[in-house]
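The structure appears right after this line, and notes come after that.
The values are calculated or read from the model by the stated rules, or taken from the named source; none is laboratory data. Note that the structure is a prediction, hence the values are computed from the model and not measured. Please note: Cβ atoms are built from the backbone with ideal geometry, for glycine as well, and neighbour counts cover all protein chains shown. Note: areas computed on protein heavy atoms with side chains; ligands, DNA, RNA excluded. Shrake-Rupley method; radii C 1.70, N 1.55, O 1.52, S 1.80 Å.
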Amino acid sequence: MVETGTSYFGVRSESHVREDLDRFRERGLDAVLHTFSERDREYYQETMADIVSASHERGFRVYVNPWGVGRVFGGEALSEFIGRHPEACQQLSTGQRLPAACFNHPEFREYMREWSRDAVATGADVVFWDEPHWYIPEWHGDEIPQGAWTCRCSACQDRYEQEYGEEMPAERTDSVDEFREESLLDFFEEMTGVVAAEGAENAVCVLPSDDWDHGLSDWDRLAGLEALDVFATDPYWAIHDHDCAEFVADSTARVTDLADRHDLESQIWVQGFRLDDEAATVEDVATATRAALDGDADSVFMWGYDACESISSIACEDPEAVWESYLMALP
């Protein structure tokens, strides 16, 4: 039977969380993703454990994710790490520091090992690695010099020289792109191993663009990681300016094929943010949900609950209609 769920964020009052969980359960959902940001880890560790426990009491499978951690995962959360550790931030080939942690820097790797252990300590069933990516300028409205790329910090230069036996070039080359991809794969091999050793499962959600600028070009290698359990993508059609039905169906087919070949669960995320109030847009939500279900995804989620009504910068214009369209399309 297909798993159905939603992401949940922003509420840390357990009584209010319980009310929301009850209504999710009443509408047939059986899984929930709780965001676990740097702020949550620092100030709400026990609260998050209580929230996870309340979710389990209602029969939910519980995921947690590194919401905006280091600004290299998806999410509308700020990062204290990059403020406290500028030396661990990514660096453009021009030398400019960027507001995002570097996957290769020892300080960030250690921080993420500890984050992983604390995430599992909440009692969550699955750690959800959400949209891992090197710094993407257009996401932040930034302009960078023509031809500049990331990351060329000292940690990356040292690692590149060890692996390739030569100095890291200042220009972007095929070997640089290969190095960036290998670095991400190595990061996740380590972190998924930490999570598995602590007793939880791992899910990874890749951006639906299989290129070096938006994550990973080789999904097959990522799917082959020993400690991975769930492979997901989020074909948010309105963000990527694609036809809804075709984009979601194609993404679902690709994910389920990978999952079948690597003995993983497949998961598809439905867009529930930054949607206008046109009737056709609301119907797209139902179309996307049905496309994921018809494509035999093992798990279907919406980002996020109540169509992100509580985050004004990304809320849908008619969040109630979008949320209801998703719920009504579920089995």
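Between Glu198 and Arg18, the modelled labels are 2.7 nm apart [label points 7 Å from Cα along Cα→Cβ]. Principal axis analysis of the Cα atoms in the range 226-331 yields extents of 41, 27, 25 Å, listed in decreasing size.
Computed per residue of the chain from DSSP H runs no shorter than four, each worth -39500 (n - 2.57), the mean residue ellipticity at 222 nm is -13500 deg cm²/dmol. Basic side chains Lys and Arg get +1 at the Cβ, acidic Asp and Glu get -1 at the Cβ, and with that the dipole of the range 215-331 about its Cα centre reaches some 280 debye. Using the Cα centre of the chain as origin and beta-carbon charges of +1 (Lys, Arg) and -1 (Asp, Glu), tell me which of Ile268, His16, Ala238 is placed farthest towards the positive end of the dipole. Of the listed residues, the answer is His16.
The residues of the chain present an accessible area of 42 Å² per residue when probed at 1.4 Å with all protein chains retained. A DSSP coil position with no more than 13 other Cβ atoms inside 10 Å describes the following GluC sites (Glu not before Pro) in the range 101-189: Glu143, Glu166, Glu167, Glu171. Apply the a/c threshold of 1.5 to the C-alpha gyration tensor of the range 169-272 and tell me whether it is rounded, prolate or oblate. Here the range 169-272 falls in the oblate category. Gain on full extension, evaluated as 0.36 nm per residue between Val2 and Glu320 minus their Cα-Cα distance, stands at 112.1 nm. Its residue count N fixes a reference of 2.2 N^0.38 Å for the chain, and the Cα radius of gyration divided by that reference is 0.97.
Here the chain exposes an accessible surface that is 43 percent carbon and sulfur, computed with a 1.4 Å probe and the other protein chains kept in place.
Between Glu57 and Thr173, the modelled label-to-label distance comes to 6.0 nm, taking each label 7 Å out from Cα in the direction of the beta carbon. Of the DSSP H helices in the chain, those that are both long (alpha-carbon extent of 30 Å or more along the helix axis) and hydrophobic (Kyte-Doolittle mean at least -0.5) are 174-198. Taking Cβ atoms as reference points and 12 Å as the exclusive limit, the residues near Gly199 contribute a net charge of -2, counting Lys and Arg as +1 and Asp and Glu as -1. Using the Cβ-Cβ distance between Glu189 and Glu278 with R0 set to 56 Å, the FRET efficiency from 1/(1 + (r/R0)^6) comes to roughly 0.80. Subtracting the Cα-Cα distance from 0.36 nm times the residue separation, let me have the gained length for Val11 to Glu161 in nm, one decimal. Gain on stretching Val11 to Glu161: 49.4 nm.
Between Glu26 and Ser209, the modelled labels are 4.1 nm apart [label points 7 Å from Cα along Cα→Cβ].
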